[in-house]
Each structure stands twice: as structure tokens, then as C-alpha cells.
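Before any comments, here is the structure.
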Amino acid sequence: MHTLDCCGGLNNVDFSEMDVTFMKDVLNHINLHDSSFFVAVIAIIFNPFFWNVVARWEHRTRGLTRLFGSPYVACYCLGFVIILLNVYRSHSMTVAMKAQARWDMLERTDVFCAGVALMVFGTVLVVSSFLALGFIGTFLGDYFGILMDERVTGFPFNITENPMYWGSTANYLGLALIGASPIGLVLTGLVAVVYSVAIRFEGPFTEQIYEERSHRSKRE
Ligand SMILES: *[C@@H]1O[C@H](CO)[C@@H](O)[C@H](O)[C@H]1NC(C)=O
């Protein structure tokens, strides 16, 4: 019996069942040889790789700043490219989801509601972290030498250190649940893995940039 008790119905899900069997079930309901799946995988992996390589190159050489004549213009341009890449990633994930079958096990009101809730939560995280950081702060301004005056610790950074990444992951998970899409779940899992790697790679580097500044200001 499907409950109409929206979202509260999730309490009835027995999480102990959602382990290995669930993973196997997901894999039985998808086609990994589909070209749209392959395109989405490439987009998911390529994006953080691209902005980390470009931003570190900029930090090392100031190549983009010289090219555009100003670190601000350079950062805005890179930000714009990153936005386009992320729009393309979302598009490719939607195409991959549409190309493959829905999964009847996910065709439930409570799953749908959980999906909507995740998308609302994810959007709140993404939008609020953009508002807290601004465009430059969101799009790797510190790599361009445009440092924030101090670390942002207010909402949503008091919930998670990387609200942009986890908010965006929550959005994709919500999309997959709303679409009852097993391939969407697999792609969301990949987004989470790729972002975890990116965070491990970016976190120490950003800290190092700020440490260099504090050393400099101590000497002055
Ligand atoms: C985070 O900050 C917001 C706004 O300042 C506050 O309402 C919320 O309770 C805080 N959350 C946590 C987990 O500290």
C-alpha cells in the first residue's frame, strides 16, 4: 500500500534492507553500455578536473590574468565557462535518465516526496552559499589572488564545509528519485565520489593560499 502521508512515510522504509541487495537491484535495472550514460560520466568527471587544472595553472603562472588584463575579468570568464560546463553536465544527466527505463520500485509517493525535499534542500544550499561567497568567491577567486577578508562561517557553511558540492549532489539525487531513475542514482553516486576527491584535492590547496597571505602580512 502506498502511503499518501507525504515524506513522513519515509519513516516506514527499512534501511537495513537498502544495502548490497539494493545496489545489485540498481545495477540490474540499468544499461551501462548506453552512449548517453557514457557522455554523462565523462561530463561528471571532466568538470572538477577542468576547473582545478585551470585554476592551479592560473595560480602558478597568472596566465589568465595576463590574458584578460585583470584577475577579476579572468575569474568572471572562468566562472562563466564553469557554469556552462555544469549546465551541460545537468543536461547530459537528464538525457541519460530519459534514455533508460524508470524503475517501478521507485515509483512511490514517498520516494517522489523525498526527491522534491532533496531538491529544495540542495537548492537552498547552493543559492545560499553563492549569496554568502559572491561570484568571485564561488568561482575560485582565491586562485586568482582575490582572497576573502575572512573565512565565511555563517549559513550554510555551519552545516557543511562544502555546501555548493553537497547541495548540487542533493539536487541530482532528488532528480533521480523524482524520475524513478536507477541510472540517475548511479550517476549521482559518481558525482558524490568525484566531488569527494575534488574536496580532498582543493581543501589543502586553498588553505595553503590563505596561509601564504597570513605569512606575508606578518612580515609586513
Ligand atoms: C547555522 O546558522 C543559521 C543562521 O545563522 C542558524 O539558523 C542555524 O541554526 C545554524 N545551524 C547550525 C547547525 O548551527
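The values are calculated or read from the model by the stated rules, or taken from the named source; none is laboratory data. Quantities reported herein were computed from a predicted structural model and do not represent experimental measurements. Here the Cβ is made from the backbone with ideal geometry for all residues, glycine too, and neighbour counts use every protein chain on show. Accessible surface is based on the protein model in full, side chains and every heavy atom, while ligands, DNA and RNA are left aside. Shrake-Rupley method; radii C 1.70, N 1.55, O 1.52, S 1.80 Å.
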Can you tell me the dipole magnitude for the chain around its Cα centre, using point charges on the Cβ only (Lys, Arg +1; Asp, Glu -1), in Debye to the nearest 20?
920 debye
Counting only protein heavy atoms with a 1.4 Å probe and every protein chain in place, the carbon and sulfur fraction of the accessible surface of the chain in whole percent equals 65 percent
Linear extension gain, Arg60 paired with Gln208, 0.36 nm per residue minus alpha-carbon span
52.0 nm
If one takes the longest principal axis of the Cα atoms in the chain, at what angle in degrees, from 0 to 90 and to the nearest 10, does the Cα axis of helix 35-61 lie?
20 degrees
Under the 7 Å Cα-to-Cβ spin-label approximation, Met23 and Phe130 lie apart by a distance in nanometres of 3.4 nm
Over the chain, with neighbouring protein chains present, the accessible area per residue in Å² at probe 1.4 Å is 58 Å²
What are the semi-axes of the equivalent ellipsoid for segment 23-89, taken as the square roots of 5 times the Cα gyration tensor eigenvalues, largest first, in whole Å?
35, 11, 8
Using +1 at the C-beta of Lys and Arg and -1 at the C-beta of Asp and Glu, which of Val120, Tyr210, Gly63 has the Cα lying farthest in the positive direction of the dipole of segment 33-219?
Gly63
Taking the Cα atoms only, what angle lies between the long axis of helix 109-138 and the longest principal axis of the chain, rounded to 10 degrees?
0 degrees
Using 0.36 nm per residue of separation minus the Cα-Cα distance, give me the extension gain between Lys218 and Val197 in nm, one decimal.
4.3 nm
Which order do Glu211, Glu150, Glu58 take by accessible area at a 1.4 Å probe, largest first?
Glu150, Glu211, Glu58
Compute the long axis of helix 182-219 from its Cα atoms, compare it with the longest principal axis of the Cα atoms of the chain, and write down the angle in degrees, 0 to 90, nearest 10.
20 degrees
